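Q: Have a look at this one.
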Amino acid sequence: MATVPATAKCVVIGAGIVGNGLVYHLANLGWRDIVQIDKGPLPNPGGSTGHASNFIFPVDHSREFADITADSVKQYKEMGVFTESGGYEVARTEERMEELRRRMSSAKAWSIPAELHTPEQVVEKVPFLDPSVIIGAAYYPTVGVVDSLRAGTIFRERAQELGALTLAPNVEVTGMVVEDGRITAVETTAGTIEAEYVVICCGVWAPKLAAMAGAHIPLTPAVHQMISVGPCEVLAERPGEISFPIVRDMDTFCYERQHGSDMEVGSYAHRPILMDAEDIPSIEQAKLSPTELPFTDDDFDPQLEQALELMPELLGDERAEIRYAINGLLSLTPDGFPVLGEIPEVKGLWSANAVWIKEGPGTSRAVAEWMVHGNPEIDLGHSDISRFYPHQRTREHIRARTSEAFNKTYGIVHPSEQYASSRDIRLAPMHACEKELGAVFFEAAGWERPQWYESNAHLVEKFGDACMPREHEWDARWWSPIINAEHLQMRESAAVVDLSAFCIFDIVGPQALEAVQQIIVAQADVKVGRVIYTPVLDERGGFRSDLTVMRLAKNQFRVVTGGAHGMADLKWFRDRLPEGAVAVDLTSSFTTIGLWGPNARDILASITRDDVSREGFAFGTCRDIEIGNLSVLASRISYVGEYGWELYTPIENGAALWAKLLEAGKDKGLIPAGIGVYATTGRIEKGYRAYGYELDTERTLAEAGMQRAKIKDQDFIGKEAITAQAAEAPKAILCSLTVDDHTSKSGVKRYMLGGEPIMTRDGGELEGTHGWHPYVTTAGSAPSLGKHVLMAYLPPDHAQIGEQLAVSYMDELFPVTVAANDATPLFDPANDRIKGN
């Protein structure tokens with residue numbers, strides 16, 4: 001009978017590629033007394049790693065995925081388990097070819113070899129493919145396959161050689177012990193293990209394990225169908241497991257991958273087939289393994305027909321037969337990113353789940369660094385499990401979003417594309433009024449936020465070409481010229497903006513000042529009524545957030561941060577609070593309305609007796625005012641470059657405040673404006689940096705142009721790092737660039753959307769940092785300037801005002817010029833409008 005140690009520093013649950021990589025990387029970073037548990041046998045305990053097709057395409061539009069994949073390939077190669085085969089993504093439609101051109105730009109940005117091929121070129125490398133079925137393809141020479149089971153064995157052996165690992169196969173977890181909000185032990189069929197840390201990395205079973213601790217891991221097991229057809233004569237003639245490039249038939253959501261004399265065909269085109277972790281069969285019940293379920297032919301038949309179209313001679317060979325067919329289980333999350341990090345509900349309990357083979361070793365290394373050092377080398381902001389709000393952890397939300405997203409695995413997904421499922425969950429108090437005004441709602445953290453208002457369509461006619469209309473459907477998808485018209489009207493008169501999606505929490509208690517001072521870069525010991533804009537850094541000096549803090553009382557600080565990252569910010573603060581300070585989440589207690597523009601002061605003055613003059617209400621201050629019978633906390637700051645306020649009121653008063661503002665401003669040119677103005681046009685004209693775009697853990701204050709003339713005397717997280725950084729020249733400089741000419745080869749004007757590489761004017765590569773080339777972090781219209789503006793980090797020798805460069809968009813070059821190489825705004829550089837001059 002199996003036995004386990006009575007104690008451990010860390011228990012890792014799961015022996016798939018992630019769990020195996022994690023035990024090694026933890027050991028390599030110095031941890032000992034690691035116990036690895038899996039209810040199945042080794043080396044293949046029966047999880048998704050055992051049946052995955054195990055090929056790796058390096059290109060992704062996400063930098064985070066591309067970085068993690070690159071590190072994984074590096075590790076696989078070092079272990080000798082990677083075979084490079086090359087790979088194609090083929091297109092049957094012109095729409096798909098356009099997407100492949102976009103992928104060429106992403107490949108350039110992330111320094112990945114890639115090129116477009118004609119059908120004839122494809123057939124030279126894949127002679128059994130029918131060229132008449134496709135119109136072109138993208139070729140990636142560094143695509144390859146891995147032996148993930150062998151890699152797992154190597155990882156475990158290396159951890160054992162370091163004297164760090166005790167293996168416990170065929171041992172099942174039966175319970176978790178949580179005391180005072182912290183994991184203390186794991187109960188198993190072989191006994192109880194007391195532990196400081198527990199990491200759940202068992203993929204499709206993860207939600208079941210988390211529930212044992214009263215926690216959530218937001219993922220669902222989902223079926224991915226795959227068959228293996230063989231023997232195929234043309235494949236059998238070649239030695240080894242793979243000798244032909246892997247083919248992704250993107251328009252049919254299928255792939256064809258050689259495996260010796262067989263051709264594997266996998267599909268993401270069938271209906272979404274979801275399961276609950278509790279319903280996965282046991283090892284004893286499963287015919288093959290718990291994650292290799294019986295094949296459902298009807299779901300796969302259409303995809304088999306399409307595969308036969310593409311490779312008729314190979315797959316239609318009468319001597320070949322389907323030798324293996326499964327409904328294989330994998331893990332899907334509501335937003336498509338992994339779920340990594342310490343689980344918010346339980347201290348010491350970590351998640352490393354929803355990770356594919358191509359990201360396994362890189363993710364393992366990053367999570368190990370996170371656990372040991374407090375921060376991973378690669379930014380994992382999009383994968384942090386603390387990003388989820390409570391409603392996003394519910395079974396219904398998870399199933400709705402994953403059902404919608406499954407068929408988009410190989411889909412053409414626009415950068416601004418919105419989910420249709422699980423909507424209308426969080427509604428602002430003025431939602432009904434916004435709906436009547438023709439608001440086009442985008443979703444953020446569950447909130448329905450107006451992106452623009454159709455009631456403002458008449459403004460497009462008013463401002464004409466200054467609205468910068470977009471000719472190409474892709475550039476104009478999920479966008480409207482009304483956004484730019486709203487922007488110009490705000491600059492001319494005033495606008496109100498629904499900011500209900502803000503995450504708001506108070507730090508209170510006798511040690512509140514000490515707590516906030518330790519966490520933020522800016523000086524926290526300011527007068528009551530001051531508003532602080534500040535970065536939040538990690539120990540290495542990388543950005544964890546940027547946010548505002550209002551000092552409302554001696555021992556009360558209100559933190560206001562973006563909704564998308566709000567829960568992660570709340571956890572960051574809570575994890576670092578001393579005794580005598582607590583964080584109180586007030587997000588659902590208050591609504592926020594922005595009021596900005598040249599007429600904002602007159603509008604507000606008309607409905608309050610409080611002094612809101614320039615002299616009476618200074619920039620960067622906040623205080624309570626009365627608007628009729630409403631109590632409102634007014635904060636005089638701006639994210640759009642105009643005079644005005646953020647107005648906070650109890651959520652039940654939000655509709656009334658919205659109505660009073662619209663009524664007061666109806667004769668002063670006031671309009672409701674959408675988030676398109678707040679988050680893009682207004683921000684980009686002012687060069688304001690945003691977390692998740694310009695700011696992440698791999699960027700520094702100096703690179704972002706946010707260094708301070710004086711670093712405060714008090715200690716704070718990241719102080720030592722930024723002090724050292726200040727003595728060095730930055731490796732890159734954040735710049736604003738303007739597009740000089742939008743005309744494409746077809747004559748149609750094109751508008752960049754973000755993520756595109758910046759190159760020399762003639763298309764040469766620029767030296768980048770972190771393994772990437774310079775790329776666009778934010779792109780958008782600057783209607784007040786009549787320009788399309790891009791933000792990007794450039795090498796210092798190219799970060800010169802007037803420097804002429806190019807941006808690669810859809811695999812075409814467009815000329816751009818550096819317009820700013822620091823935080824100086826392109827619009828109103830002296831900030832006279834914000835000051836009210």
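Q: Hey, what do the phi angles of the stretch 282-288 turn into as Karplus ³J(HN,Hα) couplings, whole Hz, using 6.51/-1.76/1.60 and θ = phi - 60°, x for Gly and Pro?
A: Working through the residues one at a time gives 6, 4, 5, 7, 6, 6, 9 Hz.
Q: Let me ask you something else. What FRET efficiency would be calculated for the residue pair PHE619, THR409, taking the C-beta separation as r and a Förster radius of 51 Å, to the nearest 0.05?
A: Numbers: r = 48 Å, r/R0 = 0.94.
Once the sixth-power term is evaluated, E becomes 0.60.
Q: Sticking with this one: Over the heavy atoms of MET706, what accessible area does a 1.4 Å probe trace out, to the nearest 10 Å²?
A: Only protein atoms counted, so the area is about 30 Å².
Q: Using modelled backbone amide H atoms (1.01 Å from N, in-plane), which distant-in-sequence or interchain residues come within less than 5 Å of THR592's amide H?
A: LEU499, SER500
Q: Moving to a separate point now. For the pair VAL748 and ASP298, what calculated FRET efficiency results from E = 1/(1 + (r/R0)^6), where r is the Cβ-Cβ distance and R0 = 41 Å, to the nearest 0.05? Mind showing how you got there, number by number?
A: Values: r = 43 Å, r/R0 = 1.05.
Efficiency at R0 = 41 Å is approximately 0.45.
Q: For the chain, what is the relative contact order in percent, using Cα pairs closer than 8 Å and at least 6 residues apart in sequence? Before the final figure, lay out the partial values.
A: Details: 1987 pairs, mean separation 97.2, N = 837.
Contact order relative to length: 12 percent.
Q: With all protein chains present, calculate the accessible area of LEU513 using a 1.4 Å probe and round the result to the nearest 10 Å².
A: 40
Q: Can you tell me which lysines have their Cα less than 27 Å from the Cα of LYS668? Leave out same-chain residues fewer than eight positions away.
A: Partners found: LYS435, LYS462, LYS660, LYS686, LYS835.
Q: Further question on the same structure: Ignoring ligands, DNA and RNA, please state the percent of accessible area on the stretch 187-228 from carbon and sulfur, probe 1.4 Å. Present the calculation step by step, with values, prior to reporting the outcome.
A: Numbers: 540 of 1110 Å².
Looking at the stretch 187-228 in its full context, I get 48 percent from C and S.
Q: Ranked by accessible surface with a 1.4 Å probe, highest first, in what order do TRP478, TRP205 come?
A: On the way: TRP478 90, TRP205 30 Å².
Final ranking, largest accessible area leading: TRP478, TRP205.
Q: Tell me the mean residue ellipticity at 222 nm calculated for the chain from its helices only (DSSP H runs of n ≥ 4, each -39500 (n - 2.57), averaged over every residue, nearest 500).
A: On the way: 22 runs with 201 residues, N = 837.
After summing the helix terms and dividing by the residues of the chain, the value is -7000 deg cm²/dmol.
Q: Next question, about the same structure. Quick check: from the Cα gyration tensor, does the stretch 426-470 come out rounded (a/c under 1.5), prolate or oblate? Mind dumping the intermediate values first?
A: Working: a/c = 4.66, a/b = 1.99, b/c = 2.34.
Oblate, since a/c reaches 1.5 and b/c is not below a/b.
Q: Here's a follow-up. Just to confirm the filter: which trypsin sites (Lys or Arg not before Pro) across the stretch 26-85 are DSSP coil and have at most 15 other Cβ within 10 angstrom of their Cβ?
A: ARG32
Q: I would also like to ask the following. With +1 on each Lys and Arg Cβ and -1 on each Asp and Glu Cβ, and nothing else charged, work out how big the dipole of the stretch 65-127 is about its Cα centre, in Debye to the nearest 20.
A: On the way: 9 positive and 12 negative charges, 15 e Å.
With Lys and Arg at +1 and Asp and Glu at -1, about 80 debye.
Q: Here's a follow-up. Probe of 1.4 angstrom, ligands and nucleic acids ignored: what's the accessible area per residue over the chain, in square angstrom? Mind dumping the intermediate values first?
A: Values: 30850 Å² over 837 residues.
The answer is 37 Å² per residue.
Q: At a probe radius of 1.4 Å, what is the per-residue accessible area of ASP147, in Å² to the nearest 10?
A: 80
Q: Give me the one-decimal nm value for the distance between modelled label points at THR93 and GLN285, 7 Å along each residue's Cα-to-Cβ direction.
A: 4.0
Q: At 1.4 Å probe size, with the rest of the protein present, what percent of the exposed accessible area of the stretch 486-607 is carbon and sulfur atoms?
A: Values: 1890 of 3680 Å².
Reported share for carbon and sulfur atoms: 51 percent.
Q: Can I ask one more? Just going by the charge dipole of the chain, with Lys and Arg at +1 and Asp and Glu at -1 on Cβ, which of PRO245, PRO221, GLY580 is farthest out on the positive end?
A: Working it through, the farthest residue towards the positive pole turns out to be GLY580.
Q: Put THR291, THR548 in order of accessible area, largest first, 1.4 Å probe: what do you get? Present the calculation step by step, with values, prior to reporting the outcome.
A: Numbers: THR291 0, THR548 25 Å².
Sorted by accessible area, descending: THR548, THR291.
Q: Give the lysines whose C-alpha is closer than 18 Å to that of LYS749, dropping any in the same chain fewer than 8 places away, or say none.
A: Hits, sequence-local ones excluded: LYS787.
Q: Hey, what angle do you get for helix 17-28 against the long axis of the chain, alpha-carbon based, 0 to 90 degrees rounded to 10?
A: 70
Q: Let me ask something else about it. Along Cα→Cβ, 7 Å out, is where each label goes; now give me the distance between the ones at LYS435 and LYS462 in nm to one decimal.
A: 2.7
Q: Please list, in order, the residues from the stretch 727-753 whose amide nitrogen is less than 15 Å from a point placed 7 Å along the Cα→Cβ vector of GLU471.
A: So the set is 741-752.
Q: Give me the Kirkwood hydrodynamic radius of the stretch 162-221 in Å, from all C-alpha pairs, to one decimal place? Don't skip to the answer; put the middle values down first.
A: On the way: mean 1/r = 0.0801 Å⁻¹.
With all distinct Cα pairs of the stretch 162-221 included, I get 12.5 Å.
Q: Next up: In degrees from 0 to 90, rounded to the nearest 10, what is the angle of the helix 297-310 Cα long axis to the longest principal axis of the chain?
A: Helix 297-310 sits roughly 90 degrees off the main axis of the chain.
Q: May I pose another question? Might you report the magnitude of the Cβ-based charge dipole of the stretch 212-356 about its Cα centre, with Lys and Arg at +1 and Asp and Glu at -1, to the nearest 20 debye?
A: On the way: 8 positive and 26 negative charges, 116 e Å.
Its charge dipole is roughly 560 debye.
Q: Right, another one. With unit charges on the beta carbons (Lys and Arg positive, Asp and Glu negative) and the dipole taken about the Cα centre of the chain, which residue among VAL143, PRO390, TYR268 sits farthest to the positive side?
A: Ranked along the dipole, the leading option is PRO390.
Q: A further question follows. Quick check for me: using +1 on Lys/Arg Cβ and -1 on Asp/Glu Cβ, what's the dipole size of the chain about its Cα centre, in debye to the nearest 20?
A: 2460
Q: Ignoring any ligand, DNA or RNA, what whole percent of the accessible area of the stretch 690-799 comes from carbon and sulfur when the probe is 1.4 angstrom?
A: The nonpolar share, carbon plus sulfur, comes to 50 percent.
Q: Could you state the angle between the C-alpha long axis of helix 94-109 and the longest principal axis of the C-alpha atoms of the chain, as a value from 0 to 90 degrees rounded to the nearest 10?
A: Helix 94-109 sits roughly 80 degrees off the main axis of the chain.
Q: Now for a different question. Give the calculated FRET efficiency between GLU728 and ALA211 to the nearest 0.05, with a Förster radius of 51 Å applied to their Cβ-Cβ distance. Walk me through the numbers on the way to the answer.
A: Values: r = 48 Å, r/R0 = 0.94.
Taking R0 as 51 Å, the efficiency between GLU728 and ALA211 is 0.60.
Q: Of all DSSP beta bridges located in the chain, what percent are antiparallel, nearest 5? Mind dumping the intermediate values first?
A: On the way: 133 of 162 bridges.
Here the share of antiparallel DSSP bridges comes out near 80 percent.
The values are calculated or read from the model by the stated rules, or taken from the named source; none is laboratory data. Since the model is a prediction, treat every value here as computed from it, not as a measurement. As a convention, Cβ positions derive from the backbone with ideal geometry for all residues, glycine included, and neighbour counts pool all protein chains shown. Note: accessible area is taken over every heavy atom of the protein model, side chains too, but ligands, DNA and RNA are not part of it. Shrake-Rupley method; radii C 1.70, N 1.55, O 1.52, S 1.80 Å.
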